[in-house]
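Written out below as structure tokens is the structure these notes cover.
The values are calculated or read from the model by the stated rules, or taken from the named source; none is laboratory data. What you see is a predicted model, and the numbers here were worked out from it, not measured in a lab. Please note: Cβ atoms are built from the backbone with ideal geometry, for glycine as well, and neighbour counts cover all protein chains shown. The protein model used for the area step is the full one, side chains on, heavy atoms only, and it has no ligands, DNA or RNA in it. Shrake-Rupley method; radii C 1.70, N 1.55, O 1.52, S 1.80 Å.
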Amino acid sequence: MSNPRRRSFAVLGALGLVGALALSACAEDAAGDQSGGEGVSFGATKEEYQEAFADVEPISLFTQSPAPKGSPVGKNFEDYFSAIEEWSDGKITFDISWSNATAAPTEVDDALADGRLDVGSVMAGYEPDLYPTYAALSDTSYMGNGNPLEMVMAPHGYITDIVNSDGAVDDEFAARGMKVLAPAFTGGINGIFCSDARRDLDSLAGAQVRISGSAHAAEAKALGMSPVSLDYAEVYEALQRGVLDCAYAGATVVLLGDLLSVAPHVILDSKTSFGQVPSALAISQAKWDELPLVAQQLMYDRADVFVLSNMEGLLDMYRQVLELVPEKNGTIAGLDEAAQSELDKGNEEFLNAVADNKAIQDGSALVEAIRSGSETWKGKVGELGYDTEVDYADLPAYLAENEVDFTAFMDAWREVAKTSRPS
């Protein structure tokens, strides 16, 4: 059978999720056909994994978390490390640096390549010259947006689907000495947080807004705003002093930086789509090549723990943000019709720029895969029984009365992820 990871973007657009699920069956069969008992089949239990590690020599991996130990911001990392240690029966352990002590977030790829880190999160979207395909996926992550639950799940699904269906992103990472473990975990909903309520083109015109990527710059310009690049640690003071009027920000930055105290008016609803700037979980290729197969499989399989923990954390952090808005005398609403129309035009122009990007092997096919994949996975959220009607302003009250169980979504995610499972 041909390698499903080498299908073209165009084929993905035609086949969608159904094709990916069908092809994944081949990967499962291959993974289960290991000689010498070196590997385990897809879906192996914890006990089966622990038994397979019985004769494996201890493995220690250097890694880091973006947050202090025990912080909810780094919970997805800690949950992943704990799962690997437990499922390997203690044979794989992690030497963890806290609060990005080993490498700055935008330098993790270099640290993985030069051996300072073995495992880390790579913000490839910030380096389009080195990772043009991944940067395009990052910049267009607004395509998966909608209501809060669609936002949390859909980008994790369709970006994973695209990456695992073609080798372009893997090749970009391999060229820098890395192996992808989880193609995407997002920083969550990006809203525009302003010191004053701004919903129309007149009030948005000329407003200084902090951005965190080329897609945000394009969106800001489409709304008539003036984009400014600024480190997130400086955003609070800039808003407080009036140097900035607004800031693109996700829940993590808002909570850590207390931005609602100076910018409590949020531009956000199910129609107002802003990019989410996802990152990838990766391992040093040199370290990966040293690992026995069962260790590779475990590192890859338990990336589901990382993605699940990330989604749970995103939903809870945004609940906290949205609960605080009324307390800060703020507002939550989208744009008026004219401003939304300009934003939609700007996003479409950005997609056209991706299609014309000569650094991408086939930009037009990638755009088609993004369009098709985002719609497929956004629809999948509703098909799996999740509420696609709840709006952002109502999210805290909704979550107080409803528990969101991600099991059905994670089952669908695993079916696509396993197409690149080591075997």
Quiz item: Looking at segment 213-226, is at least one residue within 23 Å of Ser273 (Cβ to Cβ) and in a strand (DSSP E or B)?
Solution: yes
Self-check item: Extreme residue, modelled with the highest pLDDT, among residues of segment 237-255 that are in contact with a helix residue (DSSP H, G or I) (Cβ under 7 Å, 6 or more places away or on another chain) and within 23 Å of Tyr392 (Cα to Cα)
Solution: Ala247
Exercise. For residues that are open to solvent by 20 Å² or more (accessible area, probe 1.4 Å) and without any contact (Cβ under 8 Å) to a residue 40 or more places away in the chain, scanning just segment 182-210, find the one that is nearest to Leu322 (Cα to Cα).
Key: Arg210
Quiz item: Just a yes or no: is a residue in segment 31-41 at pLDDT 50 or above, of a type in the set (S, T, N, Q) and not in a helix (DSSP H, G or I)?
Solution: yes
Practice problem: Return the residue satisfying two criteria in turn: it lies in segment 236-269 and is among the hydroxyl-bearing types (Ser, Thr, Tyr) and over 22 Å from Ala136 (Cα atoms), and of such residues it is most open to solvent (accessible area, probe 1.4 Å). | Solution: Tyr236
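Residue by residue through segment 352-372, note down the ones that are of a type outside the set (A, V, I, L, M, F, W, C) and in a loop (DSSP other than H, G, I, E, B).
Across segment 352-372, the qualifying residues are Asp356, Asn357, Lys358, Gln361, Asp362.
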Quiz prompt | Matching residues in segment 408-423 - criterion: being in a helix (DSSP H, G or I) and open to solvent by less than 20 Å² (accessible area, probe 1.4 Å) | solution = Phe409, Met410, Ala412, Trp413, Val416, Ala417, Lys418, Thr419, Ser420
Quiz item: Would you pick out the residues in segment 115-142 that are open to solvent by 40 Å² or more (accessible area, probe 1.4 Å) and touching a residue at least 60 places away in the same chain (Cβ under 8 Å)?
Solution: Gly115, Met123, Tyr126, Pro128, Asp129
Self-check item: Residue identified as open to solvent by 60 Å² or more (accessible area, probe 1.4 Å), under 22 Å from the mean Cα position of the chain (by Cα) and at pLDDT 95 or above among Glu383, Glu348
Solution: Glu383
Quiz item: Which one is modelled with the lowest pLDDT among residues in segment 386-405 that are part of a loop (DSSP other than H, G, I, E, B) and crowded, with 19+ Cβ neighbours inside 10 Å?
Solution: Tyr392
Exercise. Please name all residue pairs, on different chains or six or more residues apart, with Cβ atoms under 7 Å, provided the first residue is in segment 340-353 and is basic (Lys, Arg) and the second residue is open to solvent by less than 60 Å² (accessible area, probe 1.4 Å) and part of a helix (DSSP H, G or I).
Key: Lys345/Ala222
